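Read through the structure below, which is laid out as structure tokens, and then see the notes.
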Amino acid sequence: MLALLLPALALAGGCRPSDPTPQSAPAQAILPAEQTPVAQPNQLAAAERPQPAAVALGPPVAAGVAAAVADPVPKTQATAVGALAALDPSANCGVPRASAPVTLDLYKHDIACRIHARNGEQIYQGAPPPVLRSVVVLTVRIDATGRPVQITVRRSNGIRNLERRAIQSVRLASPLPVPSAAMLKRGSTDITETWLFRDDGRFQVRTLAMVQAKSGY
């Protein structure tokens with residue numbers, strides 16, 4: 001009888017029979033410790049990447065770089081020849097032309113170059129001396145093929161052998177450069193050139209001559 005009353009009393013008093021098998025608390029999931037990702041070398045931010053050391057360019061180098069950027073195709077030939085021609089007009093003799101000269105001055109320059117080239121042993125170098133032995137002025141008529149058809153002495157101090165040497169230098173340079181069609185009148189054109197003779201009989205034509213040296217007196 002007592003055994004039957006004990007469960008009833010327990011229920012009436014709000015007590016529950018003890019659980020014969022205690023329940024364990026639910027297991028908590030164990031997360032792995034948080035790890036900081038390691039960036040690969042190629043994933044580094046631009047600010048974190050090692051930068052090459054800056055190299056300061058000296059003035060000559062910096063100027064050269066600036067010039068190359070400003071003018072990637074430097075006009076070296078035109079600049080150098082132009083500067084040299086200001087001192088020595090014969091410097092332009094080696095520069096080929098894309099077409100026949102269209103002005104009389106350019107044409108006279110080409111003729112003077114031909115005369116100097118064909119009479120190399122008779123040409124003196126450097127500036128003409130302060131005192132010249134003779135000055136001979138010739139007018140040369142040239143046909144459409146570059147052939148001198150008429151040579152006239154316009155001025156001379158009367159030294160005949162130097163006059164003949166000037167005329168001969170034109171003939172040795174023949175055929176002369178061909179004149180452009182714009183310069184032809186009735187199939188020919190005239191140019192006037194001056195021969196500057198030194199005491200030793202050598203000469204330069206004025207178109208290619210440097211500035212005459214000054215006397216020391």
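Some observations on this one:
- When Gln150, Gln168, Gln125 are checked against the criterion of being at pLDDT below 95 and over 16 Å from Lys108 (Cβ atoms), Gln125 stands alone in meeting it.
- Selection status of Thr189, at pLDDT 95 or above, assigned to a strand (DSSP E or B) and loosely packed, with under 15 Cβ neighbours inside 10 Å: no
- Those residues of region 163-173 which are over 17 Å from Thr192 (Cβ atoms) and not basic (Lys, Arg), in sequence order: Gln168, Leu172
Rundown of residues vs (1) surrounded by 14 or more Cβ atoms within 10 Å (Cβ to Cβ); (2) aliphatic (A, V, I, L, M); (3) in a loop (DSSP other than H, G, I, E, B), yes/no style:
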{"site": "His109", "(1), (2), (3)": "yes, no, no"}
{"site": "Asn161", "(1), (2), (3)": "no, no, no"}
{"site": "Arg165", "(1), (2), (3)": "yes, no, no"}
{"site": "Val170", "(1), (2), (3)": "yes, yes, no"}
{"site": "Pro179", "(1), (2), (3)": "yes, no, yes"}
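- Scanning region 130-147 for residues that are farther than 20 Å from Asp105 by Cα and among the polar types (S, T, N, Q) returns a single hit, Ser134.
- Pairing each residue of region 162-177 that is closer than 16 Å to Thr152 by Cα with any residue that is of a type in the set (Phe, Trp, Tyr) and in a loop (DSSP other than H, G, I, E, B), provided the two are 6+ apart or on different chains, yields no C-beta distance under 9 Å.
The values are calculated or read from the model by the stated rules, or taken from the named source; none is laboratory data. Note that this is a predicted model, so its numbers are computed, not measured. All Cβ positions, glycine included, derive from the backbone under ideal geometry; neighbour counts span all protein chains shown.
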